[in-house]
Amino acid sequence: MSHPDPSTLRPPDFELVLASLLGGVIVVSADDRISFVNPSAEGMLQRSGSVLIGQPVSVLQRTMPWLADVLAHLKAGPESSVRGEGRISRGGVDVVAVAAVLRDRAGKPDGAVLVLHDLGSRQWLYDHELARSRLAELDGLVSRVAHELNNPLAGIRGAAQMLGSKLAERPELARYGEMIVRQADRMSVLIQGLLALEAPPSRMETLNIHRVLNDVILLAQTEAEQRGVEIGIAFDPSLPEVRGSHDQLQQLFLNLLKNALAACPAGEGRITVSTRMENRFYIETASERLRYILVDVLDNGPGLDEETRTHMFTPFFSRREGGSGLGLAIAHNIATAHKGRIWADNAEGGGARLHVTLPVAEPRRAPASEPASV
């Protein structure tokens with residue numbers, strides 16, 4: 001078997017190599033200015049490289065205040081690299097940062113290279129598969145219990161109505177029958193909510209996510225106007241299509257919008273629905289590479305305390321008076337069934353931000369020469 005002559009091989013374009021990396025890469029020049037930012041770093045920082053390049057590295061310290069110590073240790077110490085951990089407040093991303101000295105061809109220091117590894121995306125890959133397996137088990141249990149409760153509940157309601165009619169001439173007793181009917185109706189609503197937690201139907205189609213979101217905003221517009229809440233959009237028109245159930249995705253985002261509407265101050269509320277490509281991670285198998293889009297729903301409400309942020313997608317958890325605690329749980333199940341992810345954090349300028357990732361409809365084929373990886 002013949003081998004190519006090494007002298008005929010072209011050296012790779014290293015900017016393209018860096019742009020293809022899953023980890024965020026930031027290059028800092030000797031005069032402490034940003035000279036390169038790859039797409040993964042743009043996604044983590046939620047800022048464009050074209051805006052950052054040429055800026056002093058200190059601009060990053062507004063969202064990564066811990067970065068100053070990492071770079072200071074790199075300059076002061078004899079180590080060729082320094083490791084640090086922290087949060088990027090703008091995107092709510094927990095990262096491990098490795099800073100290394102950048103040297104010129106003569107071996108002299110000529111700046112620094114900063115590599116960011118998203119801890120959240122790694123943990124999600126494990127949590128995602130665990131959640132999918134648990135979801136399948138929970139769906140079967142919930143469905144059986146809900147159906148078993150539905151039949152006797154209908155009998156209780158019917159008997160209570162008959163009792164009320166028999167006691168029509170004795171109002172002091174008839175009101176107990178009316179109370180039973182009201183409570184049975186309330187139980188029926190909860191049971192229907194439990195049934196909605198079942199996995200979405202397997203029928204999927206190729207969808208434009210912006211059409212789904214525009215439909216959802218139109219459905220929520222009347223309630224928004226009544227509450228004096230403005231709904232704005234910031235869509236990336238270049239996004240590829242996703243594969244999913246239109247009705248289920250509509251339910252998912254309608255639940256998120258209703259949650260945001262309830263959180264906004266009446267008369268001066270503001271919700272922004274935005275979309276973009278998720279550049280922080282992809283999932284690669286032996287045959288394909290799954291890319292993701294990201295949908296954010298941002299409100300200007302009071303934000304989330306730690307307990308709410310941790311449990312808000314758990315069935316029956318609600319901090320709102322009269323809330324069933326099922327809306328966000330249903331949204332979570334729909335996102336998981338679509339091989340996506342949903343989570344929430346507090347926005348830097350105040351309010352809560354809910355994030356949903358969904359895989360694009362046409363995955364890229366993985367290069368045949370590369371091993372399957374994540």
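Could you list, in sequence order, the residues of the stretch 252-278 that are open to solvent by less than 30 Å² (accessible area, probe 1.4 Å), under 10 Å from residue 301 (Cα atoms) and of a type outside the set (Gly, Ala, Ser)? Once the filter is applied, which keeps residues that are open to solvent by less than 30 Å² (accessible area, probe 1.4 Å), under 10 Å from residue 301 (Cα atoms) and of a type outside the set (Gly, Ala, Ser), the stretch 252-278 yields 261, 264, 271. Here are some residues: 120, 91. Which one is closer than 26 Å to residue 296 by Cβ, of a type outside the set (S, T, N, Q), part of a helix (DSSP H, G or I) and at pLDDT below 80? Only one candidate qualifies: 120.
Regarding residue 82, is this residue at pLDDT 60 or above and open to solvent by less than 60 Å² (accessible area, probe 1.4 Å)? So residue 82 passes the test. Per the conditions (1) part of a strand (DSSP E or B); (2) within 22 Å of residue 63 (Cβ to Cβ); (3) modelled with pLDDT of 90 or more, the sole criterion not satisfied by residue 303 is (1).
Across the stretch 221-235, the number of residues qualifying as assigned to a loop (DSSP other than H, G, I, E, B) and either surrounded by 13 or more Cβ atoms within 10 Å (Cβ to Cβ) or of a type in the set (Ser, Thr, Tyr) (or both) comes to 1. Confirm whether residue 133 is surrounded by fewer than 12 Cβ atoms within 10 Å (Cβ to Cβ) and at pLDDT 75 or above. It is false that residue 133 is surrounded by fewer than 12 Cβ atoms within 10 Å (Cβ to Cβ) and at pLDDT 75 or above.
Being surrounded by 15 or more Cβ atoms within 10 Å (Cβ to Cβ), modelled with pLDDT of 90 or more and farther than 20 Å from residue 272 by Cα: is that true of residue 297 here?
Working: surrounded by 15 or more Cβ atoms within 10 Å (Cβ to Cβ): yes; modelled with pLDDT of 90 or more: yes; farther than 20 Å from residue 272 by Cα: no.
The answer is no for residue 297.
Taken over the stretch 323-358, the criterion of being modelled with pLDDT under 90, open to solvent by 30 Å² or more (accessible area, probe 1.4 Å) and under 13 Å from the mean Cα position of the chain (by Cα) is satisfied by 332, 339, 341. Annotation: residue 175 fulfils all but one of (1) outside any helix (DSSP H, G or I); (2) modelled with pLDDT of 60 or more; (3) not polar (S, T, N, Q); the unmet one is (1). Residues in the stretch 43-73 that are open to solvent by 10 Å² or more (accessible area, probe 1.4 Å) and either of a type in the set (Asp, Glu) or out of contact with any Gly (no Cβ under 7 Å at 6 or more places or on another chain) (or both): 20 in all. Confirm whether residue 112 is in a strand (DSSP E or B), modelled with pLDDT of 80 or more and surrounded by fewer than 17 Cβ atoms within 10 Å (Cβ to Cβ). So residue 112 fails the test.
Scanning the stretch 24-64 for residues that are assigned to a helix (DSSP H, G or I), closer than 17 Å to residue 112 by Cα and touching a residue at least 60 places away in the same chain (Cβ under 8 Å) gives a single hit, 41.
The values are calculated or read from the model by the stated rules, or taken from the named source; none is laboratory data. Since we're looking at a predicted model, the values are computed, not measured. In this analysis, Cβ positions are derived from the backbone assuming ideal geometry, glycine residues included, and neighbour counts consider all displayed protein chains. With ligands, DNA and RNA removed, areas are computed over all heavy atoms of the protein, side chains included. Shrake-Rupley method; radii C 1.70, N 1.55, O 1.52, S 1.80 Å.
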